[in-house]
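The structure under discussion appears below in the form of structure tokens.
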Amino acid sequence: MKLKKYSLFTIILVFIFSFSSYSIEKTKVFNIDNEWNISLPEDWQMEGRSPYQQYYSFYPNIPYYSMIKIYNYDIEENRNIDLLEDLKKKYPNSKIQKKKLDLNKIKIKNTEVEAYEYSFDENGTKLYAISYFILLKGNLLIANFYSISEKEIEKMLEYFYSIEKIN
């Protein structure tokens, strides 16, 4: 009888700890050009924009391939951008589909948002991608999410919803 009680107690305790550790993921806020913030798990790193790159890279410290690249443009300079057409030119062999978003989860108000999902081959590895375009008062933020896992790319959608405009 005591063994049953201890077993039940242990199962309940394990369940509680696993649930709490799963649901409380610690995050870190990264700043992009003093204009935007994105919250990512604390094990992610940011590689700042260098003179030869026009984007910020974010990636986890774990051994599978997931990455986020974020570009921030002044829309005045890039006024004639056709976002979907640019993706089609960059990935001509990919089937690019519009991605449905939960607009209630987007923290940035009074903005136009477009998202497209696709996959492509890079050096023999199939990558899944979602590209998000945020147009807001003279700014264009492009956030490209990449992963070798289709499940992971869907999970990363929550990271997109964490993006905030700070200025």
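None of the figures in this text is laboratory data; all of them are computed from the coordinates on show. All of these numbers come straight from a predicted model, not from anything done at the bench. Backbone-built Cβ (ideal geometry, glycine too); neighbour counts: all protein chains shown.
Note on LYS26: lysines with a C-alpha under 18 Å away, same-chain residues under 8 apart excluded, are LYS155. Among the listed pairs LYS109/LYS137; LYS105/LYS126; LYS107/LYS165; LYS89/LYS151, those with a Cα-Cα distance over 18 Å are LYS105/LYS126; LYS89/LYS151.
Averaged over residues, the count of other Cβ atoms within 10 Å places the peptides 128-139, 100-111, 47-58 in the sequence 128-139, 47-58, 100-111, highest first.
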